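Throughout, read-outs are computed from the coordinates displayed, never taken from laboratory work. Remember, predicted model here, so these are calculated numbers, not experimental data. Please note: Cβ atoms are built from the backbone with ideal geometry, for glycine as well, and neighbour counts cover all protein chains shown.
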Amino acid sequence: MENSLVFALAVIILIVISFSLLNESLTTEIVTNVTTTTTQTTATTLPSTIAPRIVELKVPAVDNDGNGVVTTLKVEVRDGEGRVLADVNNLLFWVDTQYSIRVAQRVAQNKTTVNISSVDLIYGIETDASLIEGPSAGAALTIATIAALENKTLNPNVMMTGTINPDGTIGRVGGILEKAKAAKDVGATVFLVPEGQSSQTYYKPVENCEKVGSLTYCTTEYKKEKANVTETAGIDVVEVSDVGDALKYFLS
């Protein structure tokens, strides 16, 4: 009889212990589920870090025939994951263009307080892509990127040309005179160029002829001349050494 009572008591104790452990497990699971649900709700209600916006900037270029033309560069910024995208329908994705965009992004990040890792940047050019070279648009790409990130309006009367270097300095390009004339033709009043390029050196052909008896002998030599771009193109040409200098004209 005594053994039966001991056995019954042991069974009761085991049942109580098992129930307690099961109840604790269920409680833990419920708490975990509540915590997970709360975390997900909090994440989906976080506010946007930046409002979507597009900045447009007119950029001078030289076409395949050597004529100055003007293209429109667009930079769009929106919430994202730090990606750099391009409108491939309008932008020929040359290697040098990719490089210029990457450098423009890095320089712009150094010049702003916006966390670029939380946004996407989308680039496009509204023209035949063959009209514009990636390097010569580098400085303009940087200016437009900074304006888009900081939600600033650019002065439409200012245009520029120049490459962009990783330290923010602006490098030399070709076709300054042709680009200056194109900028003037679309109404720009100020044209920014790399340091040392407000004057253009060119070689003017000079023909010398000499008559010997019944024959005339002619030779051509090329005379080096220097033209002031401001006077020749009829637009105020200003030299800038870096992005900081250029921003003073675009944001004034």
| Within segment 233-252, whose backbone N sits under 16 Å from a point 7 Å along Cα→Cβ of D167? | 241-245
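What percentage of all Cα-Cα pairs in segment 188-248 are separated by more than 19 Å?
On the way: 974 of 1830 pairs.
Tail of P(r) above 19 Å: 53 percent of Cα pairs.
Given K58/K152; K152/K248; K111/K181; K179/K223; K181/K226; K58/K248, which pairs have Cα atoms separated by over 19 Å?
Details: K58/K152 16 Å; K152/K248 13 Å; K111/K181 31 Å; K179/K223 23 Å; K181/K226 17 Å; K58/K248 17 Å.
Table pairs above 19 Å Cα-Cα are K111/K181; K179/K223.
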| For E76, E210, order by how many other beta-carbon atoms lie within 10 Å, fewest first | E210, E76
